Amino acid sequence: DAEITQSPRHKITETGRQVTLACHQTWNHNNMFWYRQDLGHGLRLIHYSYGVHDTNKGEVSDGYSVSRSNTEDLPLTLESAASSQTSVYFCASSENNEKLFFGSGTQLSVL
Amino acid sequence: SQKIEQNSEALNIQEGKTATLTCNYTNYSPAYLQWYRQDPGRGPVFLLLIRENEKEKRKERLKVTFDTTLKQSLFHITASQPADSATYLCALDTTGGGNKLTFGTGTQLKVEL
């Protein structure tokens, strides 16, 4: 069965370190998204991609970057982790944005 | 500013009753609206999509209505069961072209025996 997987499930890092969260989907979807979820804010869009070599900023993109070198993967990089980036991160993919498939999330703690 | 509002207070209902959750929005003209279910420690799971020209959509025990004049969607679960306990999120296409979804903060539903 096709799926979308995120790794790691949990990550603890220190302020200032670079961190990369992985997202891999086997749906062969062109569209992929990264969201963060915080209490009181719901899911907020960080970056998204509509295909290989395409990346776009979402509403909370500062301090984050993504790259899309193939259809299956959209890694999310925190250039210099900050405590404000402690959150749960969800990756999603979609064929046409009318139905998103989400991964199980990565709980990131920045100390 | 643009807003999507869902009841932040948890909704507690008795098994067998109908649960009704609300999603209100301002300053959008969405082409469609979606509802997702999220369980603790898991990612959201798609439930239903309703388009701007549809008033109502049903899927098994679920029913969604969409009133573009009131800028509101109602999500109903009939004959609710404890297994329906979860957080329910609404999401709107906020670009008018189906390019991006914006999510509400979700409403937690608890179905009690």
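A short reminder: the numbers here are calculations on the coordinates, not readings from a lab. Since the structure is predicted, the reported quantities are computational estimates derived from the model, not experimental observations. FYI the Cβ positions are ideal-geometry reconstructions off the backbone, even for glycines, and counts take in every protein chain you see.
Using only the alpha carbon atoms of chain B, find the Kirkwood hydrodynamic radius as the inverse mean reciprocal pair distance, in angstroms to one decimal.
Numbers: mean 1/r = 0.0710 Å⁻¹.
About 14.1 Å, per the Kirkwood formula over Cα pairs.
I'd like the mean, over residues of A:39-45, of how many other protein chain beta carbons sit within 10 Å of each residue's own Cβ.
5
Dividing the convex hull volume of the alpha carbon atoms of the protein assembly as shown by its residue count, what do you get in Å³ per residue?
It comes to 126 Å³ per residue, whole-number rounded.
What's the center-to-center distance, using Cα atoms, between the stretch A:58-82 and the stretch A:27-41 in Å?
11 Å
Using the Kirkwood radius built from alpha carbon pairs, what does the Stokes-Einstein equation give as D for the stretch A:1-108 at 25 °C and 0.890 mPa s, in µm² per second?
Rounded, D is 179 µm²/s.
Return the long-range amide H neighbours of A:G58 (sequence gap of 5 or more, or a different chain), with a cut-off of under 5 Å between placed amide H atoms.
Long-range HN contacts for A:G58: A:H47, A:Y48.
D for the stretch A:45-111, whole µm²/s, Stokes-Einstein with Kirkwood Rh over alpha-carbon pairs at 37 °C and 0.692 mPa s: what number?
Using the Kirkwood radius from Cα pairs, D works out to 256 µm²/s.
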